[in-house]
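First up is the structure itself, then whatever we jot down about it.
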Amino acid sequence: MAVPFDQVTSLLARPDALLHLLHAYASEFPEAGDISASIEHGGDATFRYDNEDGDATEVRELYRGIVSEAAEIVVLSRGRRSFGEFEALIHVVAWRDGTRTAYRVEVKAYPEHALLRFVARDLGFGQRFFRSKTREVCRLAERVVPAAARAAAGHVALAIGPR
């Protein structure tokens, strides 16, 4: 990713990092609509948002750690999509790679519906679907993280209240 590692860690060190990322997403992808109007802060590192299809998702930060050469964040996402209720554990690790930031994303998804779990696990649908979604999120990150890091470096304070 074409963002200096120090900017990424500066962003991740902010308590409002998720808000910077969501605002950057809204400004990089205006076709997604006014996402800031659909975000609710639920307390300690928990946010709820509605995506462009009106599907509700809750994102709760479980862990965030920064050391001199690496940073990581773990979030639990719960929500509903066309296939039903789901939970996903997302683990992102970033590290210094010369003047850039390298990163790895792992997603472990758990659909609530038993038949869907069977189809996803035994027929490979789940791995293909979430591998595709992970690639999509990585492409989004290539645009959103630099914008959020620039905003955080400018020390822009963001706040979103309840709807």
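The values are calculated or read from the model by the stated rules, or taken from the named source; none is laboratory data. Because the structure is predicted, anything quoted here is derived from the model rather than measured. Cβ: placed from backbone, ideal geometry, glycine included. Neighbour counts: every protein chain shown. Accessible surface areas use protein heavy atoms only, side chains included; no ligands, DNA or RNA. Shrake-Rupley method; radii C 1.70, N 1.55, O 1.52, S 1.80 Å.
Within segment 43-67, take every residue that is aromatic (Phe, Trp, Tyr) and at pLDDT below 80 and give me the one that is nearest to Thr101 (Cα to Cα). Quick ask: steps written out before the conclusion?
So the first thing to find is which residues in segment 43-67 are aromatic (Phe, Trp, Tyr), and the list is 47, 49, 63.
So of that shortlist, the ones also at pLDDT below 80 come out as 47, 49.
Details: Phe47: 26, Tyr49: 28 Å.
So the residue we want is Phe47.
Would you tally the residues in segment 56-68 being surrounded by 15 or more Cβ atoms within 10 Å (Cβ to Cβ) and among the polar types (S, T, N, Q)?
Looking only at that region, the number is 1.
Given the criteria modelled with pLDDT of 75 or more, touching an Asp or Glu at 6+ places or on another chain (Cβ under 8 Å) and in a helix (DSSP H, G or I), does Ala147 qualify? Can you show your working first?
On the way: modelled with pLDDT of 75 or more: yes; touching an Asp or Glu at 6+ places or on another chain (Cβ under 8 Å): yes; in a helix (DSSP H, G or I): yes.
Taking the combined requirement at face value, the residue satisfies it.
Conditions (1) in contact with a strand residue (DSSP E or B) (Cβ under 9 Å, 6 or more places away or on another chain); (2) open to solvent by less than 80 Å² (accessible area, probe 1.4 Å); (3) modelled with pLDDT under 75, marked per residue:
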site: Glu31; (1), (2), (3): no, no, yes
site: Ser38; (1), (2), (3): yes, yes, yes
site: His41; (1), (2), (3): yes, no, yes
site: Ala70; (1), (2), (3): yes, yes, no
site: Glu85; (1), (2), (3): yes, no, no
site: His91; (1), (2), (3): yes, yes, no
